[in-house]
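Engineer: Take a look at the following structure, please.
The values are calculated or read from the model by the stated rules, or taken from the named source; none is laboratory data. From a predicted model like this one, the values you see are computed outputs, not experimental measurements. Ideal geometry is used to build each Cβ from the backbone, glycine not excepted, and the neighbour counts take in all protein chains shown.
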Amino acid sequence: METPGLRPEQPAEPAEPVAPDGPVTPDKPHTPDKQVAPVARRDIWDAAERDATRARLRADMRRRQSLGPRQRSALDGLVHALKPGSMDRSYPERHLLAYDLGTTLRPAAAAIAVGEPSTASHLTWQVSGMGIFVHTAMWGAVREAGQLWAAQREAGAPRPCVVAWLGYHPPGPWGVLSGQSALRGGARLARHLDGWFDYRERLASGSAPAVETGSSALPHTAVEAHSYGSVVAARALQILQRREPPRRLDALVVSGVVGLPRDLAGDPGKLGLTAEHIYLALAETDYLSRLGRLLSRRPPWTRFTPLQVGADDSRGLAGVIGHNTSRHRPDSGPLHRGFGYRDVGTTSLYRIARATAGLPLD
């Protein structure tokens, strides 16, 4: 149901992008796929924690050869996504907020921000679905975040920041029919969202340092989720509503949905949002979305604001074909013709950017 790779054409050069502080010294040998210091703290926004995360990345680069194959691929994907020249140079600096290289049985997880969170006027979490892993798709996920960042800027958001959140174990084709991955992933996303709400309140009160002076208003916060990621996002919002007091997003945008958990169906109040702040994009040719909902027996989303994703000739925007987020590869044959939900130049990205930024859709 997802784009399986989204990797750059040229693999990362793992030895160069992030230079270690001081001379490199060999580390003690590690067995393949040994767990590498997962991030346990919730406050990934804290400056000291972010410094520690960067230092840990440099240490993992030094021990790269002792890691297992999947961990090395995850590390290379992270490093390449952070390199300034690895994608469109108009995108701002990327910031590694959290990562975990995983183990043999558990895949890596990561969160990378496109733009500076501490001065953001708008912060959007981008959540992907089935088959989108750090070790195969980190670069592509961050590129999609950069594309949304650029579209939000063009729409009028002054200082957007988009977080590519690959923070859970995405299911395989049969796992999409179950809600277990969404329950676990939703809990992890809720913890990171909860930490963001704490951080933005500290920013507004002046108790958290910012790189530069920005607006004193709380940053507009949204989640943009695709396919099974929409189930993960729904569970995260449900958890935030159980807090005292509840915490609410400003907007939720979902695309290629595979249904809503039965206990949430028909009641967006359980997500802390009215139908006017829940946006749904679904292409007419997205047959996998409909198949996933039917086989999983999840009810459909019923209360939302629809996003039109067909071609818009007046704006020169293409319509979405199929289920994937990124599919436009004109030189790769007929199977990759057409556009996905997050592709540049689509009606979908145009309206998703406005919905996530709280701006008029047209």
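Engineer: Of all residues in the stretch 263-302, which are within 25 Å of PHE339 (Cα to Cα) and without any contact (Cβ under 8 Å) to a residue 24 or more places away in the chain?
Structural biologist: ARG290, LEU291, LEU294
Engineer: Looking only at the stretch 242-270, count every residue that is more than 19 Å from the chain's Cα centre (by Cα), closer than 20 Å to LEU123 by Cβ and surrounded by 17 or more Cβ atoms within 10 Å (Cβ to Cβ) and tell me the total.
Structural biologist: Of the residues in that region, 1 qualify.
Engineer: Every residue in the stretch 103-139 that is small (Gly, Ala, Ser), over 27 Å from LEU203 (Cα atoms) and surrounded by fewer than 24 Cβ atoms within 10 Å (Cβ to Cβ), please.
Structural biologist: Hit for the stretch 103-139 is GLY131, nothing else.
Engineer: State all residues of the stretch 109-131 that are touching an Asp or Glu at 6+ places or on another chain (Cβ under 6 Å) and either without any contact (Cβ under 8 Å) to a residue 60 or more places away in the chain or acidic (Asp, Glu) (or both); if no residue qualifies, say none.
Structural biologist: Correct list: empty.
Engineer: Among the residues of the stretch 150-179, which ones are surrounded by fewer than 16 Cβ atoms within 10 Å (Cβ to Cβ) and at pLDDT 95 or above?
Structural biologist: GLU154, GLY156, PRO158
Engineer: Within the stretch 153-171, does at least one residue satisfy the condition of being part of a helix (DSSP H, G or I) and closer than 30 Å to ARG72 by Cα?
Structural biologist: Checked against the condition, which is being part of a helix (DSSP H, G or I) and closer than 30 Å to ARG72 by Cα, the stretch 153-171 yields no hits at all.
Engineer: Right, something else. In this structure, is ALA210 part of a helix (DSSP H, G or I), closer than 21 Å to ARG159 by Cα and at pLDDT below 90?
Structural biologist: When the stated conditions are applied, ALA210 does not pass them.
Engineer: If you don't mind, there's one more thing I want to ask. Among the residues of the stretch 219-240, which ones are under 16 Å from TRP196 (Cα atoms) and either among the polar types (S, T, N, Q) or not in a helix (DSSP H, G or I) (or both)?
Structural biologist: Across the stretch 219-240, the qualifying residues are PRO219, HIS220, THR221, ALA222, VAL223, GLU224.
Engineer: Consider the stretch 144-184. How many of its residues are closer than 27 Å to VAL344 by Cβ and not hydrophobic (A, V, I, L, M, F, W, C)?
Structural biologist: Looking only at that region, the number is 13.
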